[in-house]
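Where a number appears in this text, it was derived from the coordinates with a stated rule and is not lab data. Since this is a predicted model, take the numbers as computed values, not measurements. Cβ: placed from backbone, ideal geometry, glycine included. Neighbour counts: every protein chain shown.
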Amino acid sequence: MGNQRKAYTPEYKDEAVRLAISTGRPVATVARELGIVEQTLGNWVKAYKVQHEADAGALSETERAELARLRKENAELNMDRAFLKKASLFFAQEASDTNGKRSN
């Protein structure tokens, strides 16, 4: 006798996932209570989390423009900092050279 795959409605899957996530109980416990294979419910929960993280992580056009502006500004500030660091080393070297070459 072969195992018959159970077909679950999307509504049933959504409710099972909601129950697993909202209660904070282990997936295994919720699956056992609902009569679902633990791995099946785990896959549903994982898919739900991936989908909703992708939705939450998407940037709006305004946010994308702001991010690009900030990255450009950051690059410019890094270049300025590198220049000032080199300049301070140069002037420190000049100061030590002139202090060491004083004639009395």
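General remarks:
- Tyr48 satisfies every condition listed in (1) without any contact (Cβ under 8 Å) to a residue 12 or more places away in the chain; (2) in a helix (DSSP H, G or I) except (1).
- Ala87 being surrounded by 10 or more Cβ atoms within 10 Å (Cβ to Cβ) and either touching a Leu at 6+ places or on another chain (Cβ under 8 Å) or small (Gly, Ala, Ser) (or both): yes
- Filter result for Asn43 (part of a helix (DSSP H, G or I), closer than 17 Å to Pro10 by Cβ and more than 15 Å from the chain's Cα centre (by Cα)): yes
- Of all residues in the stretch 42-68, those that are exposed (fewer than 10 other Cβ atoms within 10 Å of the Cβ), more than 30 Å from Ala28 (Cβ to Cβ) and among the charged types (D, E, K, R) total 1.
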